[in-house]
1. Leaving out ligands, DNA and RNA, and with a 1.4 Å probe, what % of the accessible surface on the stretch 203-296 is carbon or sulfur?
2. What FRET efficiency, computed as 1/(1 + (r/R0)^6) with R0 = 25 Å and r the Cβ-Cβ distance, is obtained for Lys499 and Ile538, rounded to the nearest 0.05?
3. Contour minus end-to-end for Phe286 and Glu81, with contour as 0.36 nm per residue of separation and end-to-end as the Cα-Cα distance?
4. Can you work out the accessible area per residue across the stretch 201-310, with the rest of the protein chains kept in place, probe 1.4 Å, in square angstrom?
5. So if I place +1 on the C-beta of Lys and Arg and -1 on the C-beta of Asp and Glu, and nothing else carries charge, what would the dipole magnitude of the stretch 70-113 be about its Cα centre? I want it in debye, nearest 20.
6. Would you give the gap between the C-alpha center of the stretch 477-513 and the C-alpha center of the stretch 400-421, rounded to a whole Å?
7. Please give the FRET efficiency for Glu275 paired with Asp455, using the beta carbon to beta carbon distance and R0 = 60 Å, rounded to the nearest 0.05.
8. What's the long-distance tail for the stretch 75-118, i.e. % of Cα pairs beyond 11 Å?
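The values are calculated or read from the model by the stated rules, or taken from the named source; none is laboratory data. Keep in mind the model is a prediction, meaning the values are calculated, not measured. Reconstructed Cβ throughout: ideal geometry from the backbone, glycine too, with neighbour counts over all protein chains shown. Note: areas computed on protein heavy atoms with side chains; ligands, DNA, RNA excluded. Shrake-Rupley method; radii C 1.70, N 1.55, O 1.52, S 1.80 Å.
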Amino acid sequence: MNLPSRLRHLRRLLAAAPLPTLGATNSPNPPSFRLLHPTGTLPPRFHVPVLPSRRLFSDHAILPTHLQEERFASISDRIYEAVIKTEAEPNEVTEAALDALGAELTTPLVADVLHRLRYEEKLAFRFFAWASHQDGYSHEPATYNDTIDILSGTRYKSRQFGVLCGVLDHMKRHSTRSVPAEDLLAILRAYTEKHLTHMRKLAKKRRVRMRTPPETDALNVLLDAFCKCGMVKEAEAVFGRVRRKLLGNAETYSILFFGWCRARDPKKAMKVLEEMIQMKHTPESFTYIAAIDSFCSAGLVSEARELFEFMRTEGSTISSPTAKVYSIMIVALAKVDRMEECFELIADMRSCGCMPDVSTYKDLIEGMCLVGKLDAAYRVLEEMGKAGFPPDIVTYNCFLKVLCSLRKADDALELCERMIEAHCEPSVHTYNMLMVMFFEMGEAHRALDIWLEMDRRGCKRAIDTYEIMIDGLFDCGKTEEASALLDEVINRDMKLSYKKFDAIMLRLSAVGNLGAIHRLSEHMRRFYNVAMSRRFAITQKKKSIGLRRK
């Protein structure tokens, strides 16, 4: 073959060769690296030379050249931002944000958005489900393949979304938007026989009779996958379609209950709970604790109180309120300044024989301090003594920690005086917190007063105390005093932590104190093996690089 013909043959081969996928070649991170976008920043876009066509995400989706224009990029960016910004919201909020864009969906556009959400499997499935219900658009098999790849990319995802992948595969093969009940039961049965055999084997080994059919376990996995994606309404719809032929168990109702709690819909959550009790399923105490905690964390304190009252009146003896439930409810009420209700619950705990423990009082004190109710917090200290829990140094330090974090110096010093009056001697940790607070406030002279107070009270200083004082003196520019204190550490043969030793060496290098560097290095050489320290540093660096590559 002559040279011109060989060149023509080579040109034909190059033109026919498939282009590599976007995720396999030009991704800025390896496929196993989980890239998070907590601030909603967009991932870097992929730029390639202008070619007749390029592959986007799978081997089937081809992105034409004209879709690389600014208009396509803008639509993709807006869809991606809408999904990311509503990550913590229910699925309905995400759908409303996407509907407001009014974007005309195409297969390449959907593939592009799915590719950018490939490390956020729950959000990717949300977008996939929303797109499947849009007029004038239907998913192609390649889009189903991409979504299945996202949901089953790792072993963890394979367990969590295994049934969901089976449902998507059925929809792709039958070209339908829904799965009939009989086919869904067959998918659940097949998944159970393949992946959930260990549960039946354990029951057989322990000679326990399973009252629910095997498909119920797979149904729970499917409902849990929907709820974790924020699609509780869809999960409830699936359960409603199969419940005539497949009764759920207590876990099924608990999954739906937790789903509505995450979606911040207390009314529907209570409806599921009432139905659960009507079906003779007893909610566990953990169910109530998690629900009340989630409501309180979301700021729904009134709704949490309603659930708490429901637990007291409608709940069984197995799920009656425990000290943990009371503690969560009391702290939540304290943080929203509902102090009278807090003391009512404390009295109710005593009446029902559920005595408050030390942790309950400590959590209550912390909640009161956060809202600035110091008088009420002192009142709780008195209540502790009446209940047989005289405040100890740990309780006072928890109180002091909140005051120091709020930089209420006068209140913190007043609390220390009360400690001494109650014959509770301050500890090293007490003085350390006070010194840290004064250094953060820029009042080094008051921190020095605390340092001298330790001598007057006969409190022996720990190495942490010296480290706090040295750092504070360096921060306020008193390098000579810091160096003198460092000499005291060396003379007393005290061992600095390796991290603090490295930080102090950097500070000494910045001020050019070579003598102190030499003395500290010779001192620390006795405690640390140089070769082992170097090996430790290299190992930590390798671990850091390995984590970045994952």
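1. 51
2. The computed FRET efficiency comes out at 0.90.
3. Values: separation 205, 0.36 × 205 = 73.80 nm, distance 3.62 nm.
Roughly 70.2 nm would be gained on extension.
4. Dividing the accessible area of the stretch 201-310 by its residue count gives 53 Å².
5. Result for the stretch 70-113 is approximately 120 debye, rounded to the nearest 20.
6. Using only Cα atoms, the two centres lie 29 Å from each other.
7. On the way: r = 67 Å, r/R0 = 1.11.
E(calc), rounded to 0.05, equals 0.35.
8. 64
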